[in-house]
Amino acid sequence: MVDYIQPVRGMNDVLPDARSVWAVVETAAEEVFEAYGYQRIRIPALERTELFCRSIGETTDIVRKEMYTFEDRNGSSVTLRPEATAGIVRAGLSNGLFHNKQQKLWCSGPMFRHEKPQKGRYRQFHQLDVEAVGFVGPEIDAELIVMSARLWERLGLQSPKLEINSLGTTKSRAVYREALQRYFTGARDTLDAESLHRLDRNPLRILDSKNPDLEDLIANAPDLSEYLDEESKVHFDGVQKLLDDVGVEHVINTRLVRGLDYYSRTVFEWVTDLLGAQSAVCSGGRYDTLVSQLGGKDTPAIGWALGVERVVELIMAEGLPINEQTPDAYLTAGGEQARRAGFSIAEELRAKLPNARVSMDCMGGSLKSQLRRADRSGARLALILGEDELAAEKISVKALREDTPQVMLTLDELVSMLLSSP
Ligand code: ATP
Ligand code: MG
């Protein structure tokens, strides 16, 4: 028995048949981001551990128990990025991108969190991430949220529902934090170990608890909206009005606090009821203190990230049709001379038709077996190069998906034909 090396738990291969759905999501996102004037940035997967401790927060689940942290060969503590925002802000500061300038940025790539793997929750997963740095809002808050709504529309997704909330400023939240601490301390005996841990360090996070036994207690907790400062209220109203103006439906969820410490004011989450417990497909918010926390000037900022795996699963769950990435033409050639000519012809076709997908049979064997593979590939046309075709300097074209007669064409005729029926 062969003993294959197993993959690391919670880290998945994305196989070619799933790739087309991934490509649909990635292409649609890129088009939306560019339509709104966001520019791509690429950042390292590995950062100094300190970056995440200082930004995401020492009391969060991510920093406390989910990071892939290790010492590199020089003994420096490094961490595989669990999210992109901190890295983007770090990159902006390292490269002077925020010097008297605003930035609208996006990036994508794998993130790493040592969580309990299950459907929709992996240890390596992928995010598409947008960040706007240097804007006070509320237009930018609304713009970012609208972009996500437009992405669902473009993908044909119906189920995501938008929940929004305002966390207020750091100052107003501190008052709320005290009220919450008082409330939950009064019910100390009913709290579970996790919530007890959060009680002293970050009582807001108790609201995030998924323990059903705490549901009533949490439902009756003081309401964040009653503690909002005036400026945050005006800001939040502004965001909602803009969303209303362009028809983006939303509900206010005053229990939405998000798991990372750096958020302030607007936070939001797109949730679906089609993915079981892993209901959040996209989430984000404003982080007005993060840039200064990481050593920059006081700079307002906001961003969101979507989980590509969850969006891909949602596309499947909603049963949306996805175009298969099958070849337009599959080239078969019998005999050594024909194979050599066929190789060049396939190259010429790709050069003349940049949008066409041309596959070359690289296996050889009889034309019959090559044509069987042409059929299995899902190609629309089989191109056949045998001795007759070589002698006539033509190519036979056989339709594989419809009942039309086989024809022999010159290369130019074939190019025109492919151009006229893409
Ligand atoms: P959750 O509440 O599901 O743990 P989160 O609040 O930790 O999500 P964020 O840190 O805001 O998530 O990340 C943004 C998005 O990334 C989420 O909305 C989700 O779609 C996706 N995501 C987060 N963690 C994972 C994971 N372990 N596996 C797959 N996708 C994930
Ligand atoms: Mg999480």
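The values are calculated or read from the model by the stated rules, or taken from the named source; none is laboratory data. Owing to the predicted nature of the structure, the values given are computational and were not obtained by experimental measurement. We place every Cβ from the backbone using ideal geometry, glycine too, and count neighbours over all the protein chains shown.
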### Query
hydrophobic (A, V, I, L, M, F, W, C), closer than 23 Å to residue 296 by Cα and either in a helix (DSSP H, G or I) or out of contact with any strand residue (DSSP E or B) (no Cβ under 7 Å at 6 or more places or on another chain) (or both) - does that describe any residue in region 29-39?
no
### Task
Determine which member of the set 274, 260 is closer than 21 Å to residue 315 by Cβ, touching an Asp or Glu at 6+ places or on another chain (Cβ under 8 Å) and not aromatic (Phe, Trp, Tyr).
274
### Message
Residue pairs, Cβ under 7 Å, 6 or more apart or interchain, first in region 67-92 and surrounded by 20 or more Cβ atoms within 10 Å (Cβ to Cβ), second of a type in the set (Lys, Arg). List them.
### Response
82/113; 87/81
## Note on the structure
Over region 19-44, the set of residues hydrophobic (A, V, I, L, M, F, W, C), surrounded by fewer than 15 Cβ atoms within 10 Å (Cβ to Cβ) and more than 18 Å from residue 147 (Cα to Cα) is 23
### Task
Please give the number of the condition residue 111 fails out of (1) more than 16 Å from ligand 1 (Cβ to nearest atom); (2) in the same structural domain as residue 25 (by TED's automatic domain parsing); (3) in contact with a Pro (Cβ under 8 Å, 6 or more places away or on another chain).
(1)
### Message
Any residue at all in region 284-303 that's under 30 Å from residue 82 (Cβ atoms) and in contact with a His (Cβ under 8 Å, 6 or more places away or on another chain)?
### Response
no
### Query
Pick from region 93-116 the residues that are assigned to a loop (DSSP other than H, G, I, E, B) and within 16 Å of ligand 2 (Cβ to nearest atom): which of them is surrounded by the fewest Cβ atoms within 10 Å (Cβ to Cβ)?
116
### Task
Considering each of 180, 162, 196 in turn, give the residue that is modelled with pLDDT of 90 or more, part of a helix (DSSP H, G or I) and crowded, with 17+ Cβ neighbours inside 10 Å.
180
### Message
What's the number of the only condition in (1) closer than 21 Å to residue 177 by Cα; (2) of a type outside the set (D, E, K, R); (3) outside any strand (DSSP E or B) that residue 238 fails to meet?
### Response
(1)
### Task
Check residue 379 against each of (1) in contact (Cβ under 8 Å) with a residue 24 or more places away in the chain; (2) exposed (fewer than 13 other Cβ atoms within 10 Å of the Cβ); (3) of a type in the set (Gly, Ala, Ser); (4) under 25 Å from residue 28 (Cα atoms) and name the one condition it does not meet.
(2)
### Message
Quick check on region 117-142: of everything there that is assigned to a helix (DSSP H, G or I) and surrounded by 21 or more Cβ atoms within 10 Å (Cβ to Cβ), which residue is nearest to ligand 2 (Cβ to nearest atom)?
### Response
141
#### Entry: region 40-52, subset in a helix (DSSP H, G or I) and within 16 Å of ligand 1 (Cβ to nearest atom), residue nearest to residue 320 (Cα to Cα)
52
